[in-house]
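To start, the structure itself, in structure tokens.
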């Protein structure tokens, strides 16, 4: 009887240890952050006659994009090629905000690049031997009656989506250009640049949609040239309003800038991605409780966990921060917006090859629209010629 009692005690002890281990594993699984690459969607294109303006001699497509959990979206792409010879690479260019304009029509600063630095960028890259693909996240060719008032950041009136999910539109467009127009493969490098929220779309493509590694859907971007951003790196910090952190930045050297995104930018670019509508009239925005960023700024406290989840540097799972892609980031000397400290958050988090530069100076006051200054345009083109090969 004593022997049986000892065996029973051993068995009970072993069962208790096994159960404890199982519980520990279960708890660990629940609390350990993991990353699963967000899925890109599908796209199809129809050749269209390019509208007037911008770089001449281009080829255009109306592009229909379907991403998981989002309404069908209608966009456009424009290709301009070198005047002679085989292209040495391809560059995808995206404007700021919702990306609903052509790059060669968007960056027009008086006295800079004969009045159109975006057009100068396309011309210079074509002359250097690159195909240029401009994205336009609006229904340029009027395929549908849908109101895409905020470009790729246009959400749904019937379901809460957010910018991370909507960035699928950008990642899918880049994939479609590479797979369909360029034929896939790695014979020629594919690179991308975007300004402000356009750099956020590119940041999401790397951190959430795996366009920086061979394990992703492709292409593996050779260079990601992010200018004036990405401002959506940490929305859980930027949407704190006057309570947002103030950080030291390197552009301009020694400056201290707030990460406060502002109610205006929240109402124009972030909150419409969640509820599919804008609460702005002109430059005046009045958020309500359906606007997670604007409402948080209004109250000085984060009112929705979605802002942390949907940031490029998501704090609820693990973003991809190591790439084959070389990450190059540019800020304007006179840009004192939240995009500089928030963009620096992303730069500091990237673990692989990267570089940052401050463009301009006291006599060259390059602002947030960095590609619209001659010095900004020249730096972008120089970076691409050096790194996109």
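Every read-out reported here was derived from the displayed coordinates using simple, explicitly stated rules and does not represent laboratory data. Just so it is clear, the structure is predicted and the values come from calculations on it, not from any experiment. For neighbour counting, all protein chains shown are included, and Cβ atoms are generated from backbone atoms with ideal geometry for every residue, glycine included.
A protection proxy built from the mean count of other Cβ atoms within 10 Å ranks the segments 258-266, 328-336, 47-55, most packed first, as 328-336, 258-266, 47-55.
Computed over region 92-142, relative contact order equals 44 percent, with contacts defined as Cα pairs under 8 Å that lie 6+ residues apart. Only DSSP H runs of four or more residues enter the estimate; each adds -39500 (n - 2.57), and after division by the residues of the chain the mean residue ellipticity at 222 nm equals -8500 deg cm²/dmol. Between the alpha-carbon centres of region 286-321 and region 77-125 there is a gap of 33 Å. For the chain, the longest principal axis of the Cα atoms and the long axis of helix 117-127 meet at an angle of about 90 degrees.
Seen against the Cα atoms of the chain and their longest principal axis, helix 339-349 is set at about 50 degrees. With the Cα gyration tensor of region 248-313 giving a ≥ b ≥ c as the square roots of its eigenvalues, does the rule (a/c under 1.5 for rounded; else a/b larger than b/c for prolate; else oblate) give rounded, prolate or oblate? Because a/c hits 1.5 or more and a/b exceeds b/c, region 248-313 counts as prolate. Hydrodynamic radius of region 169-269 by the Kirkwood approach over all distinct alpha-carbon pairs: 15.1 Å.
The Cα center of region 143-166 and the Cα center of region 210-251 differ in position by 21 Å.
Computed from Cα positions, the angle between helix 197-207 and the longest principal axis of the chain comes to roughly 40 degrees.
Sorting 220-227, 204-211, 232-239, 360-367 by average packing, meaning the other beta carbons within 10 Å per residue, from highest down gives 232-239, 204-211, 220-227, 360-367.
Every pair of different Cα atoms in the chain enters the Kirkwood calculation, which places the hydrodynamic radius at 21.7 Å.
Under the rule a/c < 1.5 gives rounded, and otherwise a/b versus b/c splits prolate from oblate, where does region 264-389 land using the Cα gyration tensor? Judged from the Cα gyration tensor, region 264-389 comes out oblate (a/c at least 1.5, b/c at or above a/b). Of all beta bridges that DSSP places with both ends in the chain, some 50 percent have antiparallel geometry. Please state the shape class of region 70-226: rounded when a/c is under 1.5, otherwise prolate if a/b exceeds b/c and oblate if not, all from the C-alpha gyration tensor. Oblate shape, in that a/c is at least 1.5 and b/c is the bigger or equal ratio.
For region 298-369, the Cα-based Rg and Dmax, in that order, read 15.1, 43 Å.
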